[in-house]
Structures are given as structure tokens and as C-alpha cells.
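Remarks on the structure that follows.
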Amino acid sequence: DAGVTQSPTHLIKTRGQHVTLRCSPISGHKSVSWYQQVLGQGPQFIFQYYEKEERGRGNFPDRFSARQFPNYSSELNVNALLLGDSALYLCASSLGPGEQVLDEQYFGPGTRLTVT
Amino acid sequence: RKEVEQDPGPFNVPEGATVAFNCTYSNSASQSFFWYRQDCRKEPKLLMSVYSSGNEDGRFTAQLNRASQYISLLIRDSKLSDSATYLCVVNAHKLSFGAGTTVTVRA
């Protein structure tokens with residue numbers, strides 16, 4: 001079975017540009033979460049979507065937005081890119097919304113974004 | 001105070017040794033706990049979910065102390081392939097990750 005897939009794997013953008021990252025969850029999983037990981041730190045929570053609705057939002061500016069589609073895939077959009085947005089962006093899928101004690105999340109390979 | 005704090009290490013141990021490290025969390029309402037491992041420039045992979053007061057999976061043992069709000073991970077009979085960064089993860093309506101503990105197993 002395919003795991004979580006993300007595209008693109010690498011991306012180079014210029015400050016002020018916009019970027020769209022994509023994620024397809026494991027088949028049967030209905031929840032997608034997005035994380036940002038900068039070098040030397042753990043992943044930081046950005047958004048969670050479950051059944052196409054936003055279920056959680058981390059401490060990120062409004063330049064970050066996301067959505068989930070009827071097939072449970074998801075997009076993360078970042079506007080007006082800053083140098084500090086350079087990071088590994090990880091998508092994770094889970095069966096449910098994370099309210100069950102053992103609702104485990106499985107990560108995709110990530111998109112490495114470099115902003116110059 | 002950070003939501004999840006870990007000793008960054010690195011822990012350098014010989015093959016066959018036992019290594020253990022802790023993680024503390026600040027939110028007493030946290031519901032579930034996990035250990036992930038992350039290899040350099042790769043995605044985190046689920047190593048263990050932590051049940052009740054703790055559980056064991058082969059050479060790996062995780063323990064949870066809710067009263068003191070810490071989780072530990074113990075690796076027995078270390079292998080070279082255990083070299084990685086171990087991320088402590090706490091779920092209180094969202095997953096909060098520690099910055100990771102780096103373990104290097106040497107031959």
C-alpha cells in the first residue's frame with residue numbers, strides 16, 4: 001500500500017512569491033496535518049483537516065492557509081514568502097481527527113522549501 | 001516554557017550498550033504519547049505509541065509517568081542502525097514535538 005505522498009520533493013522560491021504544496025494521505029485515512037520543521041528543531045504544527053474541515057491551527061501567520069479535498073488530499077499554501085519560511089514541510093495522515101487516544105499519525109517524505 | 005522538552009544529547013554509545021533518555025511535557029491534559037525516530041533529512045517514522053504507564057516493543061521500552069509529566073525511552077542492545085534522532089511527541093488536541101534527542105551508536 002502507498003504511504004503518504006507529497007509533491008514536490010524540493011522547491012526553490014524567491015521572497016514575496018507564493019507556493020502550493022500537495023499531500024495525499026494513506027488510503028482510508030481522513031485526516032491530514034501539516035507541519036513545518038526547521039533545522040535542529042522538531043516539527044511545528046501548522047494545520048489539521050478532517051473530513052474537509054479545519055480541526056486545528058498552530059501559531060502561524062495568515063499567510064499560511066490550507067484546504068482538504070473530497071478525496072482527502074490536501075494543499076498547503078504560503079503567500080508572500082519570507083526567508084524564514086525555508087524549511088521541510090511535512091504532511092501526516094491519520095484515520096481520525098486525533099481525538100482518540102491512539103490516533104497515530106504517519107508522515108510523508110516532506111517538501112524541502114528554500115526561499116532566496 | 002516549551003510544551004515538550006528533551007535532552008538534545010548527543011548520546012554516543014557502543015554497540016550492545018543500553019541507552020535511555022527522557023522527555024518532559026507541560027500540558028497535564030495531554031492524552032497520548034509517542035516516540036518517533038527521524039534519520040537525517042528524512043521524515044519522522046513512528047517508533048512506539050506509549051500506552052498506560054508504559055510498554056515494550058522488542059529492544060525498546062517506553063515509560064510514562066503522568067504524575068511527574070515525563071516519558072522515557074530505553075534502547076537495549078543498541079545496534080548501529082539505531083543511530084537517529086528520537087522525537088518525543090505529546091497529543092493534547094494537537095501533536096507537540098520535542099526538538100529531539102540524538103543517539104549515535106558506534107562500532
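The values are calculated or read from the model by the stated rules, or taken from the named source; none is laboratory data. Fair warning: this is a prediction, and the values are worked out from it, not measured in the lab. Because the Cβ atoms are built from the backbone with ideal geometry, glycine has one as well, and the counts that use them run over all protein chains shown. Quick note on the areas: whole protein, heavy atoms, side chains included, nothing else; ligands and nucleic acids left out. Shrake-Rupley method; radii C 1.70, N 1.55, O 1.52, S 1.80 Å.
Worth a mention:
- Between B and A, accessible area buried - total, square angstrom, nearest 100, 1.4 angstrom probe: 1700
- Between the stretch A:3-37 and the stretch B:1-21, the C-alpha centres lie 30 angstrom from each other.
- Part-to-part distance (alpha-carbon centres) for the stretch B:90-107 and the stretch B:51-79, which is given in Å: 13
- Rounded percent of accessible protein surface that carbon and sulfur make up, chain A, 1.4 Å probe: 49
- The stretch B:18-107 - percent of accessible surface contributed by carbon and sulfur, probe 1.4 Å: 48
- With all pairs of separate Cα atoms included, the stretch A:6-67 yields a Kirkwood hydrodynamic radius of 13.2 Å.
- Once the Cα gyration tensor of chain B is diagonalised, semi-axes √(5λ) in Å: 23, 14, 12
- Residue order for A:Ser27, B:Ser72 - accessible surface, 1.4 angstrom probe, largest first: A:Ser27, B:Ser72
- Under Karplus coefficients 6.51, -1.76 and 1.60, residue-wise ³J(HN,Hα) of the stretch A:44-59 in Hz, glycine/proline x: 10, 5, 10, 8, 10, 10, 9, 6, 6, 10, 6, 10, x, 9, x, 8
- Legend note: in the protein assembly as shown, cysteines whose Cβ sits 4.7 Å or more from every other cysteine Cβ are B:Cys40.
- For the stretch A:36-80, residues shielded by at least 20 square angstrom of accessible area compared with the chain on its own, probe 1.4 Å: A:Gln37, A:Gly42, A:Pro43, A:Phe45
- The trypsin sites (Lys or Arg not before Pro) of the stretch B:68-102 meeting both criteria, a DSSP state outside H, G, I, E and B (loop) and at most 12 other C-beta atoms within 10 angstrom of the site's C-beta, are B:Lys79.
- Averaged per residue, chain A has 48 square angstrom of accessible surface, using a 1.4 angstrom probe with ligands and nucleic acids left out.
- Stokes-Einstein diffusion of the protein assembly as shown at 37 °C, 0.692 mPa s viscosity, Kirkwood radius from Cα pairs, rounded to a whole number: 183 µm²/s.
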